[in-house]
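Participant: Dropping a structure here in structure tokens format, bear with me for questions.
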Amino acid sequence: MRMDHNTLMNYMMKGDKRNSEFLNTYLPMVYERRHESGIDQLVNGIKGIVMSVCRGDALPYISRLYLMTPYRFVSSYLNSTHRIYILEYKKNLPLYIILEPLSDNFVDELTEMNMLYPLSRKKPNARYVGEIFQCQDKNETVKILQSQDIIFHKERDTPNQFYSNNNFIFSKTSTFTRNRIGYTSASFDDPDSLGFGEKIIPSEYFMNVLQKMDEIHQSADLDKYIGGIDHIATRLLYGDREEAILEFLTMTNYYYWGAYNIEDQNSSTNVTRHPGALPDASMELNSPAKVFTANNTPAFLNSFLKLPMPTETFVLRYGRRLHHLAFEIKDIRYSESLQAIDYVVSRLKDNSIEFLARVFGGCEDGPDLRQIFSRTCGFDNVITEYVQRCKNFQGFFTKENVGDLTAAAGLEVAQREGVYD
């Protein structure tokens with residue numbers, strides 16, 4: 001279901017974050033231009049997310065996804081630079097696309113960005129690429145956005161052959177988020193038709209490893225409780241927050257839901273959502289929310305305030321990039337005394353998955369949500385979040401939970417090797 005244009009133009013943003021005159025001026029202009037140019041009608045929702053890992057990490061990474069998520073391998077392909085793995089949860093939800101370079105020495109812009117920062121250079125090809133949106137007409141979508149000075153990838157820009165596919169076109173990497181947005185008019189029902197490369201049959205060893213991990217997942221009943229992707233969260237610098245939001249809204253049909261200040265962590269969390277989620281939050285999994293987190297004041301001025309600043313500390317160590325992928329925990333009690341999320345966390349801990357702090361939030365007395373962060377994954381440098389929205393909770397998050405999660409993630413960054421002295 002699409003949000004009516006008048007509803008969008010009169011939408012009252014949630015939260016307590018005061019935006020600048022710059023954002024307040026341009027936000028309605030972006031919405032109006034999308035409507036008049038046809039972008040709102042052309043662009044649908046997210047049909048795939050793309051992650052890059054280092055050579056040799058695809059199998060252990062997919063194994064971890066088998067344990068921690070409902071995504072399952074469906075096919076793999078080979079082009080001149082990468083193996084490409086396709087994972088799927090449900091037909092109407094985004095595919096999980098994984099790129100693994102064929103060479104340890106492969107270098108593209110992802111590698112170059114990672115090499116700039118002390119904690120990301122340890123895994124030089126491990127990085128989130130971005131989302132692929134399905135649209136009614138890829139060529140018309142690109143034509144409109146190019147007229148608005150959105151720049152798109154050209155084949156000569158990178159040796160990475162994943163982008164040289166006539167079924168897709170990707171934007172240039174964003175200056176503000178270091179993510180790309182891809183567009184396709186193709187159907188994702190049959191990955192073989194998407195032109196990723198020569199189809200390859202995984203080895204018996206590869207499939208046996210995944211089967212064993214799937215058995216662990218199911219024997220722990222995790223398949224009953226873990227659902228699809230709830231939101232996709234990027235961390236960026238203080239000065240890039242409003243530009244990143246407006247850029248993303250220019251290029252998609254999402255709307256700015258709102259933002260909350262987390263004063264004691266010197267940050268704000270800003271949420272954009274698919275229009276289908278306004279009347280029906282259950283539609284969020286079809287096209288997950290995009291979240292942008294940034295400092296309230298830049299690092300070089302924080303010495304006046306002397307506040308924690310885990311958000312900008314993360315960016316200084318890893319660069320602007322994806323911080324976490326959040327997965328739904330279905331609102332089903334495991335027992336009278338145990339919520340589903342608490343059960344999931346306990347079983348994952350039994351299987352050597354480490355978490356930051358504890359589960360935050362309550363779900364006992366009324367609508368609420370419970371959330372927790374895992375430790376950063378060593379294969380993609382991304383945290384996994386689990387979120388259980390209890391008793392038809394209608395908001396997107398609570399300010400208290402976000403503050404606690406932000407602080408927990410900040411402690412982990414401070415503990416990792418290679419930080420600046």
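FYI, it's all coordinate maths here, none of it is from the lab. Computed from a predicted model, the values in this text were never measured in an experiment. Quick reminder, even Gly has a Cβ in these numbers, built from the backbone with ideal geometry, and neighbours come from all protein chains shown.
Participant: Relative contact order of the stretch 94-136: what whole-number percent is it, with Cα pairs under 8 angstrom and at least 6 residues apart?
Facilitator: Dividing the mean separation by the residue count of the stretch 94-136 yields 27 percent.
Participant: Which of the peptides 133-143, 43-53, 117-127 is most tightly packed, and how do the rest follow, judged by the mean count of other Cβ atoms within 10 Å per residue?
Facilitator: Top of the packing list down: 43-53, 117-127, 133-143.
Participant: Now for a separate question. At what distance in nm do the modelled label points of residue 35 and residue 392 sit from each other, each positioned 7 Å from its Cα along Cα→Cβ?
Facilitator: 3.0
Participant: Hey, can you grab everything whose amide H is under 5 Å from the amide H of residue 228? Only 5+ residues off in sequence or another chain; H modelled, so Pro and N-termini drop out.
Facilitator: The list, which skips near neighbours in sequence, is 328.
Participant: Moving on. Please list 3J(HN,Hα) in residue order for the stretch 133-145, calculated via the Karplus relation 6.51 cos²θ - 1.76 cosθ + 1.60 where θ = phi - 60°; whole Hz, with x for glycine and proline.
Facilitator: 9, 7, 9, 5, 8, 4, 5, 5, 4, 5, 4, 5, 5
Participant: Count the DSSP beta bridges whose two residues both fall in the chain, then state the antiparallel fraction as a percent rounded to the nearest 5.
Facilitator: 70
Participant: A further question on this structure: Identify, among 126, 193, 76, the residue whose Cα sits farthest towards the positive end of the charge dipole of the chain, taking +1 on the Cβ of Lys and Arg and -1 on the Cβ of Asp and Glu, with the dipole about the Cα centre.
Facilitator: Going by the charge dipole, the pick is 126.
Participant: Percentage of Cα-Cα pair distances in the stretch 256-329 greater than 16 Å, rounded to whole percent?
Facilitator: Counting every Cα pair in the stretch 256-329, those more than 16 Å apart make up 57 percent.
Participant: Determine the calculated [θ] at 222 nm for the chain from helices alone, applying -39500 (n - 2.57) to every DSSP H run no shorter than 4 residues and normalising by the residue count; nearest 500 deg cm²/dmol.
Facilitator: Working: 12 runs with 121 residues, N = 421.
Rounded to the nearest 500, it is -8500 deg cm²/dmol.
Participant: How high is the relative contact order of the stretch 243-314, given as a whole-number percent (alpha carbon pairs under 8 Å, six or more residues apart)?
Facilitator: 28
Participant: What Cys residues in the chain have no fellow cysteine's beta-carbon under 4.7 angstrom?
Facilitator: 54, 135, 377
Participant: So for the stretch 180-301, what percent of the C-alpha to C-alpha distances run longer than 17 Å? Before the final figure, lay out each step's value.
Facilitator: Numbers: 5290 of 7381 pairs.
When all Cα pairs of the stretch 180-301 are counted, 72 percent exceed 17 Å.
Participant: Further question: In debye, nearest 20: dipole of the stretch 1-140 around its Cα centre with unit charges on the Cβ of K, R (+) and D, E (-)?
Facilitator: Dipole magnitude for the stretch 1-140 comes out near 580 debye.
Participant: From the backbone phi of the stretch 312-317, what are the Karplus-calculated ³J(HN,Hα) couplings (6.51 cos²θ - 1.76 cosθ + 1.60, θ = phi - 60°) in whole Hz, Gly and Pro given as x?
Facilitator: Whole-Hz 3J(HN,Hα) from phi for the stretch 312-317: 6, 4, 4, 5, 5, 8.
Participant: How high is the relative contact order of the chain? Use alpha-carbon pairs under 8 Å, at least six apart in sequence, and give a whole percent.
Facilitator: 18
Participant: Name the residues whose placed amide hydrogens come within less than 5 Å of the amide hydrogen of residue 117, ignoring near sequence neighbours (fewer than 5 apart) on the same chain.
Facilitator: Amide H to amide H, under 5 Å and 5 or more residues apart or across chains, residue 117 pairs with nothing.
Participant: Could you list, in their original order, any pairs among 90/224; 122/154; 330/399 whose Cα atoms are separated by more than 24 Å?
Facilitator: Violating the 24 Å limit, Cα to Cα: 122/154.
Participant: Quick one: grab Rg to one decimal and Dmax as a whole number for the stretch 116-159, Cα atoms only, in Å.
Facilitator: For the stretch 116-159, the Cα radius of gyration and maximum Cα-Cα distance read 15.2, 41 Å.
Participant: Further question: What residues have an amide H closer than 5 Å to that of residue 122, excluding those fewer than 5 places away on the same chain, when H is modeled at 1.01 Å from N in the peptide plane?
Facilitator: Amide H neighbours of residue 122, under 5 Å, 5+ apart: none.
Participant: So what does log10 I(q)/I(0) come out to for the stretch 308-404 at q = 0.13, 0.17, 0.19 Å⁻¹, using the Debye formula with one equal point on every Cα and no solvent?
Facilitator: Here the Debye-derived log intensity ratios amount to -0.49, -0.80, -0.97.
Participant: Please report, in debye to the nearest 20, how large the charge dipole of the chain is about its Cα centre when each Lys and Arg carries +1 at its beta carbon and each Asp and Glu carries -1 there.
Facilitator: Numbers: 46 positive and 54 negative charges, 83 e Å.
I would put it at about 400 debye.
Participant: Could you compute the net charge surrounding residue 57? Neighbours are other residues with a C-beta less than 9 Å from the C-beta of residue 57; K and R count +1, D and E count -1.
Facilitator: Net of charged neighbours comes to 0.
Participant: Kindly rank 245-256, 82-93 from highest to lowest mean number of other beta carbons found within 10 Å of each residue.
Facilitator: Averaged packing, sorted descending, gives the order 245-256, 82-93.
Participant: State, in angstrom, two size descriptors of the stretch 15-149 derived from its alpha carbons: Rg to one decimal place and Dmax to the nearest whole number.
Facilitator: Final numbers for Rg and Dmax: 18.8, 49 Å.
Participant: Can you order the peptides 377-385, 149-157, 358-366, 71-79 by their average number of other Cβ atoms within 10 Å per residue, highest first?
Facilitator: My ranking of the peptides, most packed first, is 377-385, 71-79, 358-366, 149-157.
Participant: Oh, and also: For the chain, what does the equivalent ellipsoid look like in terms of its semi-axes, each the square root of 5 times an eigenvalue of the Cα gyration tensor, given largest first in whole Å?
Facilitator: 28, 28, 23
Participant: How large is the convex hull of the Cα atoms of the stretch 325-364 per residue, expressed in Å³ as a whole number?
Facilitator: Dividing the Cα hull volume of the stretch 325-364 by its residues yields 90 Å³.
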